[in-house]
Amino acid sequence: MITALAGGVGAARFLQGLVKIVPEEEITVIVNTGDDIDLYGLHISPDLDIVMYTLAGIVDEEKGWGIRDDTFHCLDMLGRYGHETWFNIGDKDFATHIYRTHLLRNGLSLSEATKTLCQKLGLKVKILPMTDDKFETTIVTPDAAMHFQEYLVKRQAKDKVVNVLFEGGKEAKPAPEVVDSILNAKAVIICPSNPIVSIGAILFLNDIKKAIKETEARVAAVSPIVGGSPVKGPADKLMQGLGLDVSACAVASLYLDFLDVFIIDQADRTQKKQIENLGLHVVVTDTVMKSLEDKIRLAKVTLESVGVR
Ligand code: GDP
C-alpha cells in the first residue's frame, strides 16, 4: 500500500498521476480536515471534496475545486434571501454537502460518510479524513482570529498572519485506519500541499506524526514551494507569518523529523546541497504539474525515490 498525506489542489494533481501507475486499491490518502467549515447548515470538507472530485474525474480543472460545468442558482437564491454567499458552492457541489450532512446527522462519522460518498462516486482509492473529531484551523491576524476559510476565501488572504492555531487539535484522534495505513505502508508520500495548514494540520495530530516517524516505509515529500513561491495559495504568507523563509529548504526543515527523501524543483536546484546537509536525500526534477504527463512523471520519480517501482 502507498499512503499519501494530502491537502487540496496540489495533492489532487499529484494523485491524478499516482493513480495511473499504482492500482487504485493500493492507495490510501489521508486528507486534511482543518479547513472544514459549517456553512448554510451544512458540513463542508473542502480538501476531501477536491481529492474526491479530482479522482472521480468531475473536478473543475481550471479552478482546481468544485464540479465542472456547475451552476450557481442555489447560491444566487441564498443571496436573494440576504444570506452571505462568500463561500462559492455550485448546485452539484451543494448536493455533496447536503448528503454528507444527512449522513452525519444519521450518526455516521466523517470517515464513514466519506467512504459512502467515495463509493457512490466509484472511487477505489481509500480516502480517509485525518480525524473524525473537531479540528479547526484558525488564522490569527493583527486584529482578529478567524476560521481559515474566512481568511482565505472571504478576505482573500489579504491580512497579515501572526499565528496559526489548530482548535481542538490537542484532543483530536486520528480517524480509524489512519495510523495503520502509515505503519503498514510500502511508502509514505507527503504530497505538494500547504506545509502549514494542510500537512502541518495533519502532523499536528500526535499519533499520526508518531506513526510516520515509526513506520519502516520510506517517506518522501514533494516541495510545494517552487522558485521561492507557492504554485498557488497562501503558503508564502503563512510561512512568513510564522517567521519561516519561503523556500523549499524551509519546507524540508519542517519535515525533518521523519523525512527520507525531499523532491525539489529544477528552479531550486541551488538549494540541493543545503537540504542534503540537513541529512535528506534530495531529488531535483520538474515538479510543476500542468499536463497529465507531468503528473505521471512526478509520481514515477517520487515512487522511484523511495524504492517502489
Ligand atoms: P490549498 O488548500 O488549495 O492551498 O491546497 P494544498 O494544501 O494542496 O496547497 C496548495 C499547495 O500546493 C501550494 O503550496 C502550492 O504551491 C502547491 N502546488 C499546487 N500545484 C502544484 C504543482 O503543480 N507543483 C508543486 N510542486 N506544488 C504545487
* Asked: Residue check, Ile212 against (1) within 11 Å of the ligand (Cβ to nearest atom); (2) under 15 Å from Asp257 (Cβ atoms), all met but one. Which one?
  -> (1)
* Determine, yes or no, whether Ala235 is modelled with pLDDT of 95 or more, more than 22 Å from Pro46 (Cβ to Cβ) and either crowded, with 22+ Cβ neighbours inside 10 Å or small (Gly, Ala, Ser) (or both). => no
* Asked: If you go through the range 184-198 one residue at a time, do you hit one that is within 14 Å of the ligand (Cβ to nearest atom), in a helix (DSSP H, G or I) and within 27 Å of Asp159 (Cβ to Cβ)?
  -> no
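Residue-wise test of (1) in contact (Cβ under 8 Å) with a residue 24 or more places away in the chain; (2) assigned to a loop (DSSP other than H, G, I, E, B).
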residue	(1), (2)
Lys232	yes, yes
Val246	no, yes
Ala252	yes, no
Ile264	yes, no
* So Asp257 fits all but one of (1) of a type in the set (D, E, K, R); (2) part of a helix (DSSP H, G or I); (3) away from the ligand (no atom under 11 Å from the Cβ); what number is the exception? -> (2)
* **the range 71-107: number of residues that are small (Gly, Ala, Ser) and in a helix (DSSP H, G or I)** => 2
* To do: Return the only residue of Gly66, Gly79 being at pLDDT 95 or above and more than 18 Å from the chain's Cα centre (by Cα).
  => Gly79
* Structure fact -> Per the filter on the range 108-124, residues in contact with a strand residue (DSSP E or B) (Cβ under 9 Å, 6 or more places away or on another chain) and either among the hydrophobic types (A, V, I, L, M, F, W, C) or in a loop (DSSP other than H, G, I, E, B) (or both) are Ser109, Leu110, Ala113, Leu117, Cys118, Lys124
* Asked: Under the condition of being in contact (Cβ under 8 Å) with a residue 60 or more places away in the chain and not in a strand (DSSP E or B), which residue from the range 41-52 is nearest to Leu123 (Cα to Cα)?
  -> Met52
* Of the residues in the range 132-173, how many are β-branched (Val, Ile, Thr), outside any loop (DSSP other than H, G, I, E, B) and in contact with a helix residue (DSSP H, G or I) (Cβ under 8 Å, 6 or more places away or on another chain)? -> 4
* Out of curiosity, is Gly122 farther than 22 Å from Asn32 by Cα, surrounded by fewer than 20 Cβ atoms within 10 Å (Cβ to Cβ) and not aromatic (Phe, Trp, Tyr)? -> no
* Considering only residues of the range 269-290 that are more than 20 Å from the chain's Cα centre (by Cα) and among the polar types (S, T, N, Q), which is farthest from Ala12 (Cα to Cα)? -> Asn277
* Is it true that some residue in the range 57-70 is away from the ligand (no atom under 12 Å from the Cβ) and part of a helix (DSSP H, G or I)? -> no
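Table: residues versus (1) buried (at least 24 other Cβ atoms within 10 Å of the Cβ); (2) within 11 Å of the ligand (Cβ to nearest atom); (3) over 15 Å from the mean Cα position of the chain (by Cα).
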position: Leu5; (1), (2), (3): yes, yes, no
position: Ala11; (1), (2), (3): yes, yes, no
position: Lys20; (1), (2), (3): no, no, yes
position: Asn32; (1), (2), (3): yes, yes, no
position: Asp35; (1), (2), (3): yes, yes, no
position: Tyr40; (1), (2), (3): no, no, yes
position: Leu48; (1), (2), (3): yes, no, no
* Which members of the range 170-212 meet the condition of being under 17 Å from the mean Cα position of the chain (by Cα) and of a type in the set (Lys, Arg)? -> Lys209
* To do: For residues that are among the polar types (S, T, N, Q) and surrounded by 15 or more Cβ atoms within 10 Å (Cβ to Cβ), scanning just the range 275-309, find the one that is nearest to the ligand (Cβ to nearest atom).
  => Thr287
* Please verify whether the range 217-226 includes one or more residues that are surrounded by fewer than 21 Cβ atoms within 10 Å (Cβ to Cβ) and more than 22 Å from Thr137 (Cα to Cα). => yes
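The values are calculated or read from the model by the stated rules, or taken from the named source; none is laboratory data. Note that the coordinates shown come from a computational prediction; the quantities given were computed from them, not determined experimentally. Glycine gets a Cβ as well: all are built from the backbone with ideal geometry, and neighbour counts include every protein chain shown.
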